[in-house]
Amino acid sequence: MRLRMRLKRKIRIVVVSATVVLFLSLWFIIRLRHCDECDEQLASVNFTETECITGTPCTYANQVALRVIVITSNRSRSLARLLESLDVVELDGDSGSLEIFVDCDERGLVDPETVKTAYAFHWRRGLVGVHLQTSHAGVNGQWIDAWRPATNDTREIVLILEDGLGVSRYFYRWIKAVHGRYGDEPDFAGTALTIGRDRLPNSPGIEPVYMYRGVGTWGFSPKASVWRGFQDWFHAHSQRSKFRPHFPDAVARTSDDSGDSGTTWDQWFDYYASKEKLFVVYSNLKDYNDNRSSCFGTKYRVSGLNVPNDDPVTYCKLIERWDDRYVSFPEYITRFDLDGNRIGKY
């Protein structure tokens with residue numbers, strides 16, 4: 001009798017275990033929407049070791065000179081174009097790591113073509129990490145939680161890019177010089193590759209750089225201590241249902257995806273920067289080179305809510321030749337407030 005009961009108990013354990021394994025396997029297959037080629041591609045990529053958790057700022061196990069973070073969801077062609085431009089970046093002998101975050105939809109499903117593109121990419125400059133969100137993070141979650149600086153004074157430089165962008169092969173040489181020149185200044189929030197037309201301040205003249213209160217989403221490289229402070233502040237205040245950043249004097253902006261907070265991450269950051277009296281450094285190559293087309297990062301018109309089909313037209317032309325004058329920073333840098341008005345010298 002006892003032997004029979006033990007046998008039945010063992011059978012139950014085996015059945016339950018098999019059911020759990022089957023359920024998890026089916027769940028994983030459904031999440032990838034039958035992405036059968038991903039396993040083969042995964043085995044051929046030199047991965048980073050960090051596993052990031054949706055909704056939690058990600059701290060990486062390794063530290064490198066440059067960490068590039070790419071956020072994407074379901075635009076595989078745009079992702080491939082961006083990765084192609086990243087593959088020829090000049091690191092000047094420094095170490096690099098590339099992290100690709102693929103968001104899922106509200107059902108928890110990722111786009112199989114985007115996943116394939118991410119897993120298939122071999123970066124010639126360093127390690128690659130592919131992170132599949134386990135729940136819908138939205139633009140806010142993708143941006144804010146993709147990098148948690150290990151310390152306030154880490155020397156690691158990070159650049160966060162959306163998939164609709166392209167970069168110059170010399171972008172790292174420029175942002176490294178910016179961090180080196182302004183990184184210790186108390187009102188330096190970071191640097192951005194490009195700023196959209198709708199947010200351009202009044203002309204800063206022929207200086208190679210200027211400071212602007214607003215953050216640029218077309219390639220942003222935050223200062224570590226500022227980013228840590230912003231993350232803590234955002235996660236604390238975004239939980240307060242009645243609090244939203246408000247700019248009575250700023251130019252109104254809209255976004256296709258505001259995450260779950262009701263406003264976009266850059267609006268939150270602009271509010272934080274204004275409160276903390278912080279500025280972002282931008283290149284002024286359009287005026288400096290007097291050709292109205294020079295930039296270290298550009299945005300492509302990709303299909304979405306406002307653009308029915310991909311359009312190769314870009315905002316500006318990427319720098320193809322390096323000139324040391326691009327990092328001949330002035331002794332004083334002009335600063336602009338959110339309304340575009342000049343507010344003084346650095």
Region 102-145: chymotrypsin sites (Phe, Trp or Tyr not before Pro) in DSSP loop, at most 14 other beta carbons within 10 Å: none
Pairwise label distance in nanometres, Glu106 with Glu331, each label 7 Å out on the Cα-Cβ vector: 5.8
Pairs beyond 26 Å (Cα-Cα), from Lys116/Lys286; Lys275/Lys317; Lys116/Lys176; Lys242/Lys299; Lys242/Lys277: Lys116/Lys286; Lys275/Lys317; Lys116/Lys176; Lys242/Lys299
Accessible area per residue, Å², region 115-181 with all protein chains present, probe 1.4 Å: 33
Karplus (6.51, -1.76, 1.60) ³J(HN,Hα), θ = phi - 60°, over region 85-90, in Hz, Gly and Pro reported as x: 6, 6, 5, 10, 4, 8
Residues with amide H under 5 Å from that of Thr191, placed H, sequence gap 5 or more: Ser221, Lys223, Val281
Tensor-based shape of region 112-162 (alpha-carbon gyration tensor, a/c under 1.5 rounded, otherwise prolate or oblate): oblate
FRET efficiency for Ser293 and Thr154, using Cβ-Cβ distance with R0 set to 35 Å, rounded to 0.05: 0.50
Table column - 3J(HN,Hα) (Hz), region 213-221, Karplus curve with 6.51, -1.76, 1.60, x for Gly and Pro: 5, x, 8, x, 8, 8, x, 10, 10
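The values are calculated or read from the model by the stated rules, or taken from the named source; none is laboratory data. On a predicted model such as this, the values are computed, not experimentally measured, just so you know. Cβ atoms come from the backbone with ideal geometry, glycine included; neighbour counts cover every protein chain shown. To get the accessible areas, we keep the full protein, side chains included, count just its heavy atoms, and leave off ligands, DNA and RNA. Shrake-Rupley method; radii C 1.70, N 1.55, O 1.52, S 1.80 Å.
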